[in-house]
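The values are calculated or read from the model by the stated rules, or taken from the named source; none is laboratory data. Fair warning: this is a prediction, and the values are worked out from it, not measured in the lab. Virtual Cβ from ideal backbone geometry, glycine too; neighbours counted across all protein chains shown.
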Amino acid sequence: MAKLNINGTVREVSAEADTPLLWVIREHVGLTGTKYGCGIAQCGACSVHFNGEVQRSCQIPLGDIKETDVIVTIEGLSVGSSHPVQKAWAAVDVPQCGYCQSGQIMAAAALLKKNPKPTDKDIDEAMTNICRCGTYQRIREAVHMAANVGTTGQGG
Amino acid sequence: MNKPVLEKHLELSRRDFIVGSAALAGGGLALGMNVPFGTDAAQAEGAATNEINVWVAIKPDDTCVIRIARSEMGQGTLTGLAQLVAEELECDWNKVTTEGVTPQRNLAAKRAWGEMGTGGSRGIRTSQDYVRRGGAAARIMLLQAAADQWNVPAGELTVANGVITHTPSKRTLRYGEVAAAASKLTPPDEKAIKLKDPKEWKIAGKPLKRLDTADKLDGRKIFAIDLKLPDMLCAAVKNCPVFGGKLASYDESKIAAMPGVKKAVRIKDTGVAVVADTWWRAKKALDALPVVWDEGPNASQSSATIAEMLKDGLNATETNGERMNGDALKAIAEAPKKVEAVYSTPFLAHAPMEMMNCTVKLSAGRAEAWVPTQNLEASLAALSESSGIPLDKCEVNRLDLGGGFGRRGGTQDYVHQATEIAKAFPDTPIKMIWSREEDQAHDFYRPISQCKLSAGLDAAGNLVGLHVRVSGQSINAIANPNAIVNGKDMRQLQGYYDTPGDAQLGYDVPNLSIEYAMRNSHVPVGPWRGVNTNQNAVYMECFMEEVARASGKDSLEFRRELMKNHPKHLGVLNAVAERAEWGKPLPAGIHRGIAQFMGYGSYSAAVAEVSVSPEGKLKVHRMVLGVNSGHAVNPGQIEAQVQGSVAFGLTATLYGEMPVDKGRMTALNFDNYEIMRLAEMPKVEVVIVPTYDFWGGIGEPTICVVAPSVLNAIYAATGKPVRSLPLKNVKLV
């Protein structure tokens, strides 16, 4: 029985040690906002915050996770979509199908925590998640908008 | 072992579920089942909701429930259709919600909601008339109900934002107050209703925000892949990697003791599934399952053998579809200047972010499925066919798609598969999910083709003859063989048609011959966002660039001369040329390319600005895209679709290629089937130039001008034409 701190709650899960965090979150904890897109750390649909860093959860086996590790999923990013990134995403009307957007939002929130005023080049380097609908232009616009609002005290 | 969380919540009633999922939004504290109980939710609502007609229901609090028959996969059709109904309904847009119609409900109502298929950029253009009439009819009934209540002529009433006013007496009534009475009135003759002039639209025609964004921001949105149902098991699937091959055997004993595994299931004679309590466990066991395939004769096929077959079609005497005027071959033969080139485009996978999946529950005499589908009725039919349960005892629950791009329409292979697996587990919901690798390996790919073009120019540089020969795979041969009559299949010539309205060629050439030679490989093909116009625009528009350069004329001017009888094509071309300031000098090292084409009922054009470094590295700096879709129901969503089409088109241009080796597809994940990322996304400017006299599509049309405008800009930069895609295989300098 492993103990995981997810979105501020410690949860007990029973799964094999090689189960990727992605599938622990989706199938054992039951939070499905974190998405499966490739399983090989290419697409970023499974992005979560792991001790404050954006990580691709398909690459973190359960056995490597300690109870003290702080995991935040899209469901725990804010209360009522109040994070500046979520607000900007709504204002710019970013999502199309929406499947990759949990990961995009988690990546953007992590970027702004480290770098509150990213340049276009910073955004190019940090926002490497795949969006098949092609919402990239609006993602860039929304990241800049969220940066201008400020991110103090928000996010995991 | 801890039971999956969902099992602890079986005792939750459906009402509890709704409350629970609302709490989920607050930070993942509740973990209720996330089943979209479409029918039950509608019935629960029903008590307080007055159905005015099939498209509109109104609650006492004025909430307008607008019914949607088409599928939403990101393209925004849900919002656009709601705008069209709301426009005629004259309701308050802030009080609009939508409700998806299930295919069984449509069937039981004798298809009152019409066609449900969502492909070919038809979602809005082929239903705009009847959904607007539905909105207008509901408005007329609501006004009549108010008139009856006040005992005044309906002609004395006005309505705005769902508030009805009797001007002489200054009395008002809200829609919610008269909805019950209106629902009992005899509907007007919808065909006799005069619809608004689109130039007077107040809700439609405006760049309104999408209605379906909120739950895409916090993880609440449930895609089919996210379903949790009581007692549900999960299936991972492997089909014979070679198309046409068969499953010989598998050794289930090797995985029987693995955690969570229930059993392995043979899927017809082509595949095998492992069913377990979680999908990850099913996949792990499937990967460990020893499987022997009988790959069959197709295992000898490769990209090279398929390319040879296509090459044969370039010169074959027999063709499978053609249009011609004059004598192109003679005109070219006699012309003082000739240009000739062979182009090629590869197979492409759809790669929607949500891979193929489907959940099926078969009980005694009843079948239920949860499907991300572009054609709910086709899914229903597939469920019935594979389960053997009559159509009226089947239901498909609606879920929005994590991308479709043409993969989930006519071909319901994944529904058939999930149903086959569910047969082994009666009364148990089976959620089948394909891995990314399986999704890439068993697609219906964008058809591969080659194209040989030749042109003749007279002494003044005028184009006097053009011959185009496309050799490639046919979608109809797989999806719709009945459409091939006497061996003729015009579908593969989309964009080259003589007939106006859908995919007409915008050039007049005095001697023109366009032909298609069908050459089918063992690889299945299908629609792919913008299919056929994508490939055919590369051939036509890049070759036009070659011919324009040979004639010594400017690329834009050369095209304009051929487009005098095609004002709509020309109008969009001129619009992008103007916005991009065609002809105005650019900073050193930046070069322009231009292209125009028509498909899916709309006219498109693009100007690309690129640079190519001395090392041959390409950068696309800016793209101006123009589109005339006749009407523009939501310019904000059109802009989003056009921006997205650039990402989709550039991905294909830069990276898209699905090679074949030993009969199987080899680019099975995003490490070798690359998708363009944000860093490579150019600045896209969208020029929307509606002429308000037809209804065209939006999801697909503009993709086709992306590749040729970029390739023509590369030509301008390097002085060399690029004749094959993707660019990752081409040395630019």
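Things worth noting here:
- Flag if B:G589 is touching a strand residue (DSSP E or B) at 6+ places or on another chain (Cβ under 9 Å), surrounded by fewer than 24 Cβ atoms within 10 Å (Cβ to Cβ) and over 22 Å from B:L654 (Cβ atoms): no
- Yes/no for A:G44 being touching a residue at least 12 places away in the same chain (Cβ under 8 Å), outside any helix (DSSP H, G or I), surrounded by fewer than 24 Cβ atoms within 10 Å (Cβ to Cβ) and on the phi > 0 side of the Ramachandran plot: no
- Residue tally, condition under 12 Å from the mean Cα position of the chain (by Cα) and either outside the structural domain of A:A91 (by TED's automatic domain parsing) or among the polar types (S, T, N, Q) (or both), over region A:104-137: 2
- Output for region B:650-673, where each listed residue is in contact (Cβ under 8 Å) with a residue 12 or more places away in the chain and facing chain A (nearest Cβ under 9 Å): B:L650, B:T651, B:N669, B:F670
- Residue match in region B:448-462 (condition: within 14 Å of another protein chain (Cβ to nearest Cβ) and in contact with a Ser or Thr (Cβ under 8 Å, 6 or more places away or on another chain)): no
- Here B:K662 does not qualify as touching a strand residue (DSSP E or B) at 6+ places or on another chain (Cβ under 7 Å) and surrounded by fewer than 21 Cβ atoms within 10 Å (Cβ to Cβ).
- Single residue of region A:11-41 satisfying the filter (polar (S, T, N, Q) and over 14 Å from the mean Cα position of the chain (by Cα)) that is nearest to the other protein chains (Cβ to nearest Cβ): A:S14
- Any hit, region A:114-134, residues being at the interface with chain B (Cβ under 9 Å from one of its Cβ atoms), in contact (Cβ under 8 Å) with a residue 24 or more places away in the chain and over 16 Å from A:C46 (Cα atoms): yes
- Any hit, region B:43-52, residues being modelled with pLDDT of 95 or more, within 32 Å of the chain's Cα centre (by Cα) and surrounded by 22 or more Cβ atoms within 10 Å (Cβ to Cβ): yes
- Of all the residues in region B:685-714, those that are buried (at least 24 other Cβ atoms within 10 Å of the Cβ) and in contact with a helix residue (DSSP H, G or I) (Cβ under 9 Å, 6 or more places away or on another chain) number 16.
- Entirely in region B:361-466, the strands (runs of 3 or more DSSP E) that have 2 or more residues that are closer than 30 Å to B:Y507 by Cα, in contact with a strand residue (DSSP E or B) (Cβ under 8 Å, 6 or more places away or on another chain) and not assigned by TED's automatic domain parsing to the domain that holds B:A108: B:449-457
- If you go through region A:97-113 and keep only what is facing another protein chain (nearest Cβ under 7 Å), in contact with a helix residue (DSSP H, G or I) (Cβ under 6 Å, 6 or more places away or on another chain), touching a residue at least 12 places away in the same chain (Cβ under 8 Å) and not hydroxyl-bearing (S, T, Y), you end up with A:Q101, A:I105.
- Residues being more than 8 Å from chain B (Cβ to nearest Cβ) and more than 15 Å from A:D69 (Cβ to Cβ) - total across region A:1-10: 0
- Qualifying position, being touching a residue at least 40 places away in the same chain (Cβ under 8 Å), more than 13 Å from chain A (Cβ to nearest Cβ) and hydrophobic (A, V, I, L, M, F, W, C), among B:L362, B:L399, B:L383: B:L362
- Among residues that are at the interface with another protein chain (Cβ under 8 Å from one of its Cβ atoms) and out of contact with any helix residue (DSSP H, G or I) (no Cβ under 9 Å at 6 or more places or on another chain), A:V79 is included.
- Among the residues listed as B:K238, B:K199, the single one being over 18 Å from A:L22 (Cα atoms), part of a strand (DSSP E or B) and not hydroxyl-bearing (S, T, Y): B:K238
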